[in-house]
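Engineer: First, the structure itself, so that you have it in front of you.
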Amino acid sequence: MADYFWCHGPSCHTYVTTDRVRGSKGSKVLRTRKIKQNNYGYPSGVWQYFCSNGCYNDFANKHAEQIIRIAPRLEPLETKIEDPKKETTDTHWGSYTRTVINKLDESNNVG
Ligand SMILES: [Zn+2]
């Protein structure tokens, strides 16, 4: 496994932070952040490849069409639930009613 990955955010190198400043005096740059990988599986998932939520969002927004092609959703998914119930709670300040929605056993669910 690589010791590090460069952040995949397409604009990472444009965000002005002191930790992105590299280069020698007179030829300084803002550089894409390096994301160190360790032997314990951290960072994991997308955080191996992105330094921040902002960079992850930038990537997802720029490449949304390609990302969706990996697993297109052509039909909605559904989660089976019990019939919703109204539940009223009395407090010192009055009562309020909320709708309670309980999922059925997950083994019954489609998708
Ligand atoms: Zn980044």
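The values are calculated or read from the model by the stated rules, or taken from the named source; none is laboratory data. Just so it is clear, the structure is predicted and the values come from calculations on it, not from any experiment. Because the Cβ atoms are built from the backbone with ideal geometry, glycine has one as well, and the counts that use them run over all protein chains shown.
Engineer: Among the residues of segment 59-78, are any free of Cβ contacts under 8 Å to residues at least 60 places away in the same chain, within 16 Å of Gly9 (Cα to Cα), of a type outside the set (D, E, K, R) and in a strand (DSSP E or B)?
Structural biologist: Within segment 59-78 (the criterion being free of Cβ contacts under 8 Å to residues at least 60 places away in the same chain, within 16 Å of Gly9 (Cα to Cα), of a type outside the set (D, E, K, R) and in a strand (DSSP E or B)), the answer is no, since none of the residues qualifies.
Engineer: So which residues in segment 1-58 are free of Cβ contacts under 8 Å to residues at least 24 places away in the same chain and assigned to a strand (DSSP E or B), if there are any at all?
Structural biologist: Within segment 1-58, Val21, Arg22, Val29, Leu30 meet the criteria.
Engineer: Search segment 43-76 for residues being under 22 Å from Arg33 (Cα atoms) and of a type in the set (S, T, N, Q), and hand back the single one that is surrounded by the most Cβ atoms within 10 Å (Cβ to Cβ).
Structural biologist: For segment 43-76, the residue satisfying everything is Gln48.
Engineer: Looking at Glu87, Glu65 in this structure, which one is out of contact with any Ser or Thr (no Cβ under 9 Å at 6 or more places or on another chain) and at pLDDT 95 or above?
Structural biologist: Just one listed residue meets the conditions, Glu65.
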